[in-house]
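Note sheet for the following structure.
The values are calculated or read from the model by the stated rules, or taken from the named source; none is laboratory data. Every value quoted in this text rests on a predicted model; they were computed, and no experiment measured them. When we count neighbours, we look across all protein chains shown, and the Cβ atoms used for this are built from the backbone with ideal geometry, even at glycine.
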Amino acid sequence: MGTTAQSSGVLLASSAAKRGRIARTGGAMPNAEPYRCQCLQCQGSQDHPAKEHHRQINLLMQRLDRNQKRWYAGLEANRIGRGGDQQVALMTGLKVSTIRHGQKELVASFPEKPKKRPPAAMGRPLAETKQPTLEAEIERLIDNEIAGNPMTEQRWIRVSLRHLSKQLQERGLKACPVTVRRILRKRGFSLRANYKKKNGTRANYPERDKQFKYIATKRQEFSEKEVAIISVDTKKKELIGNFKKNGKTWSKKVEEVDEHDFTSLATYRTIPYGIYDVNKNTGYIFVGISNDTPEFAVDAIVRWWREEGSLLYGGAKELLILADSGGSNSFRTRAWKYHLQVALCDAFNLAVTVCHYPPGCSKWNPIEHRLFSFISINWAGKPLRTLDTMLGYIRGTSTAAGLTVKAFLLDTHYEKTKKISAKKLNQLDLRSHETCRAWNYTIYPRRNDSGLKCPKKAL
């Protein structure tokens with residue numbers, strides 16, 4: 001019995017010695033208890049923040065192999081600094097020589113000490129810092145060149161960076177093309193490449209650039225006279241009903257919509273006609289529910305002038321309209337010019353100048369990227385189930401630049417089949433301009449009490 005107990009004690013002692021030897025040399029025993037730190041803080045009776053940290057180190061060491069233990073111990077000793085090898089030996093039970101060996105191996109892995117990085121040089125001040133008017137001048141140069149995607153905030157320009165740099169140099173400002181590109185990117189512009197579209201042909205109008213310059217001149221002329229300048233167009237038609245709306249929105253669960261969005265299933269097929277006041281940065285959307293006709297477009301402008309424009313521009317006898325070349329306000333449409341004469345010019349004794357953007361250039365119309373794009377962003381991912389919902393999203397559209405939008409419903413029914421005869425067209429007091437005669441014209445009131453001198457009508 002005594003012999004058995006004695007032999008058991010010898011085995012236990014040898015086993016404990018083996019565990020200690022493996023711990024000192026870096027061996028791994030997956031089922032062994034972690035080594036208990038022998039430092040003064042851990043051996044004391046009082047709680048110390050280092051106790052838990054040392055215990056976690058030994059738990060990690062228990063799961064490492066020989067090499068990993070040696071390297072990690074060397075890393076900890078380097079972190080502690082002077083006397084670190086002695087402290088890590090007390091924490092882990094490894095020999096000091098083993099820890100120093102690990103330190104040497106770590107140094108051998110990085111033969112050169114990392115050099116201290118020199119402080120970043122301040123460099124030259126930015127061009128816009130030295131020239132405070134640079135950004136404003138670039139904005140002014142590209143103001144009449146801006147186009148955009150009405151469904152997003154994406155914008156692009158028609159002129160090149162070198163051209164802009166040269167124009168700035170002519171104005172006494174220094175900015176290389178790289179600097180111009182950086183400022184444009186900072187202001188939200190991007191470089192876009194053209195692409196070929198199957199069966200998508202567009203006429204190359206020789207007077208296109210000439211028309212853009214003429215529109216810019218007219219805008220400047222009417223702005224100096226503090227006369228109303230409005231940009232008009234019809235936004236994409238929207239279906240009212242439980243239909244999917246492109247985009248994403250923050251919500252706890254996905255809104256379920258109908259599988260198909262056929263027009264026959266819609267409660268209404270709406271036609272949002274927009275009017276953007278360029279000077280006031282204010283938008284007006286007149287939502288029709290019948291047809292997109294010239295009469296509908298003119299009725300929207302007439303209502304805007306009667307309820308808003310005449311009050312904002314009291315006593316004004318002129319109006320500049322910027323419009324596309326197609327749709328309900330096309331320069332080829334007789335009804336557009338006829339209803340402008342009867343419902344707007346004659347009714348309010350107003351001389352209306354209309355400038356059309358060349359065909360295929362509707363994206364340069366200010367309303368596209370200053371009003372329509374923000375409305376599309378505001379209702380992205382939200383089904384337009386009722387007319388009130390649609391009008392609410394339009395009225396809730398705003399920007400940091402101060403854009404405000406008003407929305408109205410035009411429930412009048414407009415017929416498509418109405419035509420204007422050549423006889424009625426000849427009775428209009430319409431005077432074409434000398435520049436791009438088809439795209440620029442002024443309609444004077446036939447009862448001219450405005451005091452404006454009308455040019456002679458071309459025969």
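Going by the conditions given, is L94 outside any helix (DSSP H, G or I) and buried (at least 21 other Cβ atoms within 10 Å of the Cβ)? The answer is yes for L94.
Just checking, does segment 203-211 include any residue being touching a helix residue (DSSP H, G or I) at 6+ places or on another chain (Cβ under 6 Å) and either in the same structural domain as L350 (by TED's automatic domain parsing) or not acidic (D, E) (or both)? Steps first, please.
Initially, segment 203-211 is screened for residues touching a helix residue (DSSP H, G or I) at 6+ places or on another chain (Cβ under 6 Å), giving none.
The answer is no; no qualifying residue exists.
Counting only helices (runs of 4 or more DSSP H) that fall entirely inside segment 371-449 and contain at least 2 residues that are hydroxyl-bearing (S, T, Y), the qualifying elements are 373-378, 387-395. Would you say L312 is closer than 20 Å to E226 by Cβ and modelled with pLDDT of 95 or more? Against the criterion (closer than 20 Å to E226 by Cβ and modelled with pLDDT of 95 or more), L312 does not qualify. Every condition in (1) in contact (Cβ under 8 Å) with a residue 24 or more places away in the chain; (2) not in a helix (DSSP H, G or I) is met by E33 except one, and the failing one is (1).
Conditions (1) of a type outside the set (A, V, I, L, M); (2) touching a helix residue (DSSP H, G or I) at 6+ places or on another chain (Cβ under 8 Å); (3) farther than 19 Å from Y284 by Cα, marked per residue:
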site	(1), (2), (3)
T353	yes, yes, yes
Y357	yes, yes, yes
N378	yes, yes, no
G381	yes, no, yes
T389	yes, no, no
A400	no, no, no
T404	yes, no, no
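Taken as a whole, the structure leaves E259 outside the set of residues that are in a loop (DSSP other than H, G, I, E, B), farther than 22 Å from F408 by Cα and in contact (Cβ under 8 Å) with a residue 12 or more places away in the chain.
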